[in-house]
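S.K.: The structure is given below, and queries will be raised subsequently.
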Amino acid sequence: MDCNHYTCIGPALLYVPARARPWQLPDNQAMPLPPPPLRRHSTKANNEILLKGIMCAAIGLAVLLAPYFIRSPGMQGIVASASVVGWFALVLGCGFMLVYGRRRLTGRSGPSSPL
């Protein structure tokens, strides 16, 4: 039995001609790639990213600058010990704003990307 001309389906053998087998391509022919998908972000999604970026950056700046404006020494120490959180919020907010800017610069066309 020639495996190139027969396909086994259960206990029966089914003959499939070579030209009717689209799952097998000749050795010298590669399957073409599909075009990359276009991702179009809505205006609402872009505005939400910008709002998240502004809010996170504002919270980060508030946490980092608050110890200089608080008069109570105990409260200054508490807020100053949260400076890592402030830096994280500031960097996260700047990242959101960079994503918003990148989306605005690329426009509505172009291949999709993770951002």
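S.K.: Pairs needed: first member in region 67-91, under 26 Å from LYS52 (Cα atoms); second member anywhere, among the small types (Gly, Ala, Ser); C-beta distance under 6 Å; at least 6 residues apart or different chains.
M.R.: PRO67/ALA80; VAL79/ALA66; GLY86/GLY60; ALA89/GLY60; LEU90/ALA57; LEU90/GLY60
S.K.: Only one of these is surrounded by 14 or more Cβ atoms within 10 Å (Cβ to Cβ) and modelled with pLDDT of 95 or more: ILE59, ILE70. Name it.
M.R.: ILE59
Residues are listed down the side, and each one gets a yes or a no for (1) in contact with a Pro (Cβ under 9 Å, 6 or more places away or on another chain); (2) modelled with pLDDT of 60 or more; (3) not acidic (Asp, Glu):
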{"position": "HIS5", "(1), (2), (3)": "yes, no, yes"}
{"position": "CYS8", "(1), (2), (3)": "no, no, yes"}
{"position": "ALA12", "(1), (2), (3)": "no, no, yes"}
{"position": "GLY53", "(1), (2), (3)": "no, yes, yes"}
{"position": "ALA66", "(1), (2), (3)": "no, yes, yes"}
{"position": "GLY77", "(1), (2), (3)": "yes, yes, yes"}
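The values are calculated or read from the model by the stated rules, or taken from the named source; none is laboratory data. Only a predicted model underlies this, so the values are computations on that prediction, with no experimental measurement involved. Heads up, the Cβs are rebuilt from the backbone with ideal geometry, glycines too, and the neighbour counts pull from every protein chain shown.
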